[in-house]
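Below: one structure, written as structure tokens.
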Amino acid sequence: METNRYHEPVLKQEVNTLLGVETGQVYIDATLGGGGHTKEILAKGGKVLGIDQDNDSVQFVSNEFKLDIERGNLIVSLGNFRNIKTIAHLHDYSRVDGILFDLGVSSHQLDAGEKGLSFQRNADLDMRLDEELGVKASDLINGLGLKELTLLFTKYGEEPFAYKIAKKIVEVRKTRSLVTTYDLSDLILHTVRTKGHMHPATRVFQALRIAVNDELVNLERALPDALSLLKPKGRLVVISFHSLEDRIVKQTFAKFKERKLGEIITKKPLQATEKEVLTNIRSRSAKLRAFEKL
């Protein structure tokens with residue numbers, strides 16, 4: 001089962017260590033992706049309920065892991081992790097030994113381009129990971145006013161040039177709509193200049209993706225529900241890729257501890273080694289936190 005062509009999971013060894021997978025134990029991979037982390041759990045004898053809102057991911061894993069599904073070691077479910085409790089109960093995974101959230105976007109989703117998540121490939125400015133969602137990124141870009149766009153880029157992208165970019169978008173919209181990823185990224189490139197390795201459009205694209213998919217609200221809702229599904233001594237492991245996600249995880253784990261629901265295993269977030277960053281650039285911004293239920 002070679003899943004690397006779809007998505008190479010980050011912090012793989014650290015996840016394995018923290019989950020402590022044993023034969024016969026049951027786990028939920030709340031962000032299945034290409035099945036990279038699930039593959040490791042299955043290899044150690046664990047059983048997995050894999051959840052993903054992206055139908056492409058579900059179809060890919062269903063084909064690649066057909067034998068594991070037939071043997072009853074893997075269940076693949078199309079859905080958003082905001083509904084993790086409902087999905088878990090539906091498939092008899094209401095008491096599990098560990099739950100993993102590998103947040104963000106998979107390499108495949110960025111490379112494929114058709115969802116409009118990457119400024120490096122030209123596509124419709126969509127960004128919906130779940131095709132059932134109603135609002136596209138282009139709807140926001142072409143429909144929101146100056147103040148609303150500025151707030152969106154600031155709140156979800158922490159973009160220092162939010163007002164300047166929003167003002168340019170509103171100005172350009174008077175003559176034409178912005179409907180593709182290149183429409184937006186080119187506008188940003190010609191509006192602001194940034195130093196360092198980060199592309200000027202990175203934060204705006206992040207902000208739009210978060211808003212379209214309601215990612216932060218979903219995460220805030222899912223973490224307490226995930227904790228409720230864990231057995232005593234079960235572990236909740238979360239990998240985040242930007243400060244907004246990491247802040248939610250950190251604060252939520254602190255609240256869990258205050259309520260005496262368990263212990264924070266990672267006093268500081270674990271990060272990728274230099275070696276891993278060299279082989280998997282996506283791991284550069286990854287932060288891993290883990291919580292153990294009492």
Test: residue in the stretch 187-195 that is assigned to a helix (DSSP H, G or I), crowded, with 20+ Cβ neighbours inside 10 Å, β-branched (Val, Ile, Thr) and out of contact with any Pro (no Cβ under 7 Å at 6 or more places or on another chain): no
Residue tally, condition under 20 Å from Ile165 (Cβ atoms) and among the charged types (D, E, K, R), over the stretch 125-144: 3
The stretch 105-133, subset outside any loop (DSSP other than H, G, I, E, B) and charged (D, E, K, R), residue modelled with the highest pLDDT: Asp124
First in the stretch 166-177 and in contact (Cβ under 8 Å) with a residue 12 or more places away in the chain, second anywhere and part of a loop (DSSP other than H, G, I, E, B) and surrounded by 12 or more Cβ atoms within 10 Å (Cβ to Cβ), Cβ under 8 Å, 6 or more apart: Lys168/Thr191; Ile169/Leu178; Val172/Leu178
Residues satisfying the stated conditions in the stretch 272-294, i.e. touching a residue at least 60 places away in the same chain (Cβ under 8 Å), more than 27 Å from Leu229 (Cβ to Cβ) and in contact with a helix residue (DSSP H, G or I) (Cβ under 8 Å, 6 or more places away or on another chain): Ala272, Glu276, Arg282, Ser283
All positions within the stretch 254-285 that are part of a loop (DSSP other than H, G, I, E, B) and modelled with pLDDT under 95: Lys267, Ala272, Thr273, Asn280
Residues located in the stretch 229-253, provided they are outside any helix (DSSP H, G or I) and within 18 Å of the chain's Cα centre (by Cα): Leu236, Val237, Val238, Ile239, Ser240, Phe241, His242
Subset of the stretch 10-64 that is closer than 21 Å to Glu114 by Cα, of a type in the set (D, E, K, R) and at pLDDT below 95 - its residue that is surrounded by the fewest Cβ atoms within 10 Å (Cβ to Cβ): Asp56
Among residues of the stretch 18-39, those that are of a type outside the set (Val, Ile, Thr), more than 19 Å from Leu270 (Cα to Cα) and more than 19 Å from the chain's Cα centre (by Cα), counted: 3
Matching residues in the stretch 270-294 - criterion: being touching a strand residue (DSSP E or B) at 6+ places or on another chain (Cβ under 8 Å) and of a type in the set (Lys, Arg): Lys287, Arg289, Lys293
Extreme residue, nearest to Pro200 (Cα to Cα), among residues of the stretch 165-186 that are charged (D, E, K, R) and out of contact with any helix residue (DSSP H, G or I) (no Cβ under 9 Å at 6 or more places or on another chain): Asp186
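The values are calculated or read from the model by the stated rules, or taken from the named source; none is laboratory data. Here the structure is a predicted model, which is why all the values come from computation and not from measurement. Cβ: placed from backbone, ideal geometry, glycine included. Neighbour counts: every protein chain shown.
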